[in-house]
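Some notes on the structure that comes next.
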Amino acid sequence: MSPHSRSAAPLCWARGVLRPATEFRPHVGDRAFRYGDGVFATLLLEQGFLLDADAHVQKLTASADAIGLTVPEPVSSAPQLCEVLRLMGADDSTDAVVRIQVSCESGGRGYDRGECDAWELVELHALPGPRVLSVAILEPGEAPIPAMPAIKSCSALAHVTCARAARRRGVVEAVRCSGDHLLEASSSNLFWEANGDLFTPSASLPLYPGVTRSVVVHEARRSGWTVHEGEFARSALERAGGAFLTNAVRGVEPVAELGGMRMEWAAELEALRAAVQAARIEGAAPLAP
């Protein structure tokens, strides 16, 4: 079932109230609207199961804490978030993208937030369609590095710029670099296989280490892969036989072309993708109470 098949008007949850999404308007003083002063999380709802729900809520809470916000109660735990989604009409046949945003309002303009209470926005969106993934490797400085890369901030201009760079180059995605070192794509983490080992840029670099990235690293090592997390120059990709991107919505997504090189999708990578998906489902939160 699509996320909005029950109603002509899709619903959202905003400030503790269920309302038609078409009626929601941000307040003129909303800090995320004015300054990008807020955080968000994106999750996958699959057949009524919210994948990696606990991990995503923990990351949302950590991001909010880092900028001095408290996550509102309706989205402060996986069970409470599932209750909100049930109120929005989701059930055990729903496949959807779930987006949670936490921000706050202040009475006037200016960067100082002052004292204000955080509020939450929860949305349901249709799943994206499949794609043949071509990925460019950007030149240093072609796309900026986020100011606070480990926080999923509503100030996402660096990611927007990275996505625009991909469009200019005529590819689906692009990987930004810091100097000569590989970082991440606009909304995904990068992995590649070379000589039977798996490689990914270190979480200590200026990038966002997503939840799905962590699942891949864990499942790969459990399956017998040697996983290298480190600082890798662009030239490291010359030895890549296969590659994939990871994020919460698309999971493990094979790369067809990386930096102009054709990638192969070996049986070992497909087995890893299946193991990651199984682990995500096993750890999912059911909507049914």
Problem - Single condition A288 does not satisfy, out of (1) crowded, with 21+ Cβ neighbours inside 10 Å; (2) of a type in the set (G, A, S); (3) part of a loop (DSSP other than H, G, I, E, B) - result: (1)
Exercise for the section: Kindly indicate the residue of the range 126-144 that is buried (at least 17 other Cβ atoms within 10 Å of the Cβ) and either charged (D, E, K, R) or in contact (Cβ under 8 Å) with a residue 60 or more places away in the chain (or both) and also farthest from E173 (Cα to Cα) among those meeting that condition. Expected result: I137
Practice task
Would you be able to say whether some residue in the range 96-113 is in contact with a Cys (Cβ under 8 Å, 6 or more places away or on another chain), crowded, with 18+ Cβ neighbours inside 10 Å, modelled with pLDDT under 95 and farther than 15 Å from V39 by Cα?
Solution key: yes
Fill in the blank from the handout: Considering only helices (runs of 4 or more DSSP H) wholly within the range 1-96, the ones with at least 1 residues that are outside the structural domain of P209 (by TED's automatic domain parsing), touching a residue at least 12 places away in the same chain (Cβ under 8 Å) and within 27 Å of A278 (Cβ to Cβ) are 53-66, 78-87
Exercise for the section: Mind listing whichever residues of the range 195-230 are touching a strand residue (DSSP E or B) at 6+ places or on another chain (Cβ under 9 Å) and in a loop (DSSP other than H, G, I, E, B)? Expected result: S202, A203, S204, L205, P206, L207, Y208, P209, G210, W225, T226
Fill in the blank from the handout: When (1) among the small types (G, A, S); (2) surrounded by 14 or more Cβ atoms within 10 Å (Cβ to Cβ); (3) in contact with a helix residue (DSSP H, G or I) (Cβ under 9 Å, 6 or more places away or on another chain) are applied to A236, the one that fails is (3)
Problem - Filtered residue count, the range 231-254, keeping only those that are farther than 21 Å from V276 by Cβ and either outside the structural domain of A275 (by TED's automatic domain parsing) or assigned to a strand (DSSP E or B) (or both) - result: 1
Handout entry: Odd one out for I145, checked against (1) assigned to a strand (DSSP E or B); (2) of a type outside the set (K, R); (3) touching a Leu at 6+ places or on another chain (Cβ under 8 Å); (4) over 30 Å from A266 (Cα atoms)
Key = (1)
Exercise for the section: Would you check if there is a residue in the range 161-173 being in contact with a Lys or Arg (Cβ under 8 Å, 6 or more places away or on another chain), assigned to a loop (DSSP other than H, G, I, E, B) and of a type in the set (V, I, T)? Expected result: yes
Handout entry: Residue in the range 271-285 that is touching a strand residue (DSSP E or B) at 6+ places or on another chain (Cβ under 8 Å), in a loop (DSSP other than H, G, I, E, B) and within 16 Å of L133 (Cβ to Cβ) present
Key = no
Completion exercise
If you go through A156, A165, A174, the only one that is assigned by TED's automatic domain parsing to the domain that holds G259, touching a residue at least 40 places away in the same chain (Cβ under 8 Å) and among the hydrophobic types (A, V, I, L, M, F, W, C) is A156
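Kindly indicate which of A288, A248, A284 is within 30 Å of L85 (Cα to Cα), touching a residue at least 60 places away in the same chain (Cβ under 8 Å) and touching a Ser or Thr at 6+ places or on another chain (Cβ under 7 Å).
Criteria check complete, one pass: A248.
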Problem - Criterion: assigned by TED's automatic domain parsing to the domain that holds K59 and not aliphatic (A, V, I, L, M) - qualifying residue of W119, W192 - result: W119
Handout entry: Which listed residue is closer than 28 Å to I281 by Cα and touching a helix residue (DSSP H, G or I) at 6+ places or on another chain (Cβ under 8 Å), from L11, L85
Key = L11
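The values are calculated or read from the model by the stated rules, or taken from the named source; none is laboratory data. Note that the structure is predicted; figures quoted are calculated from it, not measured. Here Cβ is always computed from backbone atoms with ideal geometry, including for glycine, and neighbour counts include all displayed protein chains.
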